[in-house]
Structures are given as structure tokens and as C-alpha cells.
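> What follows is a single structure, and I will ask about it in a moment.
Derivation of every value follows stated rules applied to the coordinates shown; laboratory data play no part. Everything numeric here is computed off the predicted structure, so don't read it as measured data. Every residue, glycine among them, receives a Cβ derived from its backbone with ideal geometry; neighbour counts consider all protein chains shown.
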Amino acid sequence: MVNQHIFKLHSYIDPAFHRYVLLSVLNDLRRQAHGSGMVHITKTRFEQTPVPVPPLAEQRRIVAAIEEQLSRLDAANASLHWARRQVELLRSAELEAATTGHRSVELGALVAGLRYGTSIKCAYDAHGAPVLRIPNVQGGYIDCSDLKFATDPSADLSSLAVEDGDLLFVRTNGSRDLIGRVASVHGTEGMAFASYLIRARLDRSRLDPRFAVIALSSPTSRAHIESKAATTAGQYNLNLAALRSLPVPLPTIDEQRQIVAAVDQRLSVAGALSAATERALARSAALRRSILDRAFTGQLVPPDPSDEPASLLLERIAAERLSQPKAPVRRRTAARA
């Protein structure tokens, strides 16, 4: 359920100006938001937030200037999102082309074991063993930039330690496209892994870990994984039996390594394009904020001497407020015994 604040505007406020003012202060309001479970911005916080109120004519000039700037920015954003999609299509096509035309073997025949992770409680500032979680499974690799630790430093998690060449699969998530996302372990040996992940220990004489990531990230494999995902209370789940039955293309181990080298080289170009696109989108978001900041600090539109003087505007605001009917005072009646 979404609760909304409804605003009744005075005659001296242009509706479009009001909308852009709200957008300009929304980030600050979100930082001050509070709540347990459902985070919200209180009515009092809205009412106490100071905002500029220039003359009505200037408000409309500010709106026109903002919309002119944002229309150009929106066009640039549309191009960047198109480029992002093209990079994704390029990556998918490369993975598919690299892994088609080979006989397939079920994953279960290529692993020495599959196992769920630990459900131990973790925190950023805890002092126990590091525990890999869903955010650490990124782009086919283990990303340790968002690492948590077991809150019980005495807990023995050695049986759940990952080894070089293991695969970690996302097994439970609310997003279907994240189910079965896979990464190979390299450089994080000895870390434990959380219960939302599954560890696969490969028979490396038959299946190269990096080739396995490429094969299981291709569109064909992704479609198969998503078809196997069961849903429970809005969560998608991939169990051990479904994971064992996944078909994996299986060229010879030497061919697998050659494919990995070729794909890594080609995808490095896609990776560079993707990184450039994401940087441009981040700059675009910062520029959007800057446009609004400049608009409401008098830097986007110069004042016009012919506009209504501020003193008259303030007098009219005060008069309108005095003319508003006062809300009736609700009195509480004492409960009778």
C-alpha cells in the first residue's frame, strides 16, 4: 500500500513549479525519512521544508527553462538506455554463439557436490568469518565490495568454505532474472557462503569454471533456469534437483579454455562500452539534480524588474492565509466508567 500526501495549492503557486520544487527537495526529504518496515516522509516534515517562492511570472519562466533543459537531457538519456540495451544484446549473442553446437551433459554429472549455505546472522561490523551473499555474485565473478561477517566469531564455518574454481549460484530471490545467476570463485578461497546461495564443486578435469559461467549465463541456459524456478510467496527458488538437471554444453576441456579466452577478449570491449554508458548515466543524473538546484537558487533564470515586488507577494500570501477558514478543534471526551 502506498500512502500519498495531497497538496492544495494557493493561487500564487504554479502547479508545474510546485512539482519541480518537490523534486528538488525530495532527495533531502528521503534522507530524513524514518519508519520501521515502511519508510515514510511525514506531513510535518513536508510543511517545515523551506522552499523559494518567486513571483508567479518568474515561476513560469523557471518552469519553461527547466523543461527546455530536461527535454534535451531526456533525449540524451534515451540514447544511453538504447546503448545499454545494445551492449546487453551483444553480450547475450556472444555467450550464445560461444556455447552452441556442443553436446550437453547434466550439471549433476559434472560436480562433486552441491550444497546450500549458512543461515548464520551477519553484519558489516561483525568479527566472525566473512560470508558471501547474493550481492557478491556479480558479472560472473565474486565481488567483495559489499561484504558482511558472521556475528558469532566462534562459529565453525569451515565446511562451508569456498575453494578456487567453485561455482556459487543464487537460489532464492524475488526477481526471476536473478535466479541461477552464477559466479566462479577465485581469490576469495576460505570464505563461507550464505543460505540464499548454492555451492557447486566442479570436476575440473571435465568442466572449466569460467566456461561453466559462460555456458550457464547464455540466453538458452537462462531460459532453462527460469523455467525450473519455483515460486513461493513471491519468491523464486532453484533447488538442488533442478540445478543438477541443468544441461551444460560440454566441448573438450581444451576447447573450453579456448572459448573462455576468445569470449573474454570480445566481452572486454562490451565491458568498456557498458562502463562508459553507466558513467554517462551517472553524470546525467547529477546534471538533472544540478539543473533543479540552479533553478531554485536564481542561477537558471534572471529576475525580471517588471515582476510583482516581493513585498506585495508576501502581503498577498499573508492575506490568503488569513482568509482560510480555521480547522475545527476536535475535543476528546473522557471515557465513562
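> Apply the Karplus parameterisation 6.51 cos²θ - 1.76 cosθ + 1.60, with θ equal to phi minus 60°, to every residue of region 103-119 and state each ³J(HN,Hα) to the nearest whole Hz, in sequence, with x for glycine and proline.
Working through the residues one at a time gives 5, 10, 10, 5, 4, x, 7, 10, 10, 7, x, 10, 8, 6, x, 8, 9 Hz.
> Taking a temperature of 37 °C and a viscosity of 0.692 mPa s, what whole-number D in µm²/s does Stokes-Einstein yield for region 56-166 with Rh from Kirkwood over alpha carbon pairs?
Here the translational diffusion coefficient equals 167 µm²/s.
> Further, regarding this structure: For a footprinting-style exposure proxy, rank Asp307, Asp74, Asp166 by other Cβ within 10 Å, fewest first.
By the 10 Å Cβ count, ascending: Asp74, Asp307, Asp166.
> Kindly write out, for region 186-193 in residue order, the coupling ³J(HN,Hα) from the Karplus curve 6.51 cos²θ - 1.76 cosθ + 1.60 (θ = phi - 60°), rounded to whole Hz, with x marking Gly and Pro.
7, x, 10, 4, x, 6, 7, 9
> Using Cβ contacts closer than 10 Å as the measure, can you line up Asp125, Asp203 from fewest to most?
So the residues, fewest neighbours to most, are Asp125, Asp203.
> A follow-up question, please. Stokes-Einstein at 4 °C, 1.567 mPa s, Kirkwood radius from Cα pairs: D for region 105-250 in µm² s⁻¹?
85
> Treat the count of other C-beta atoms within 10 Å as a stand-in for reagent exposure and order Thr232, Thr118, Thr100 from fewest to most.
Arranged by neighbour count, lowest to highest, Thr232, Thr118, Thr100 become Thr232, Thr100, Thr118.
> Charges on Cβ only, +1 for Lys and Arg, -1 for Asp and Glu, centred on the Cα centroid of region 105-250; of Pro209, Ser154, Leu238, which one is farthest towards the dipole's positive end?
Projecting each Cα onto the dipole axis, the largest value belongs to Leu238.
> Quote the relative contact order of region 188-271 in percent (integer), defining contacts as alpha-carbon pairs under 8 Å separated by 6+ residues.
Rounded, it is 32 percent for region 188-271.
> I would also like to ask the following. If amide H atoms are built 1.01 Å from N in the plane of the peptide, which residues on other chains or at least 5 residues away come under 5 Å of the amide H of Val111?
Asp203
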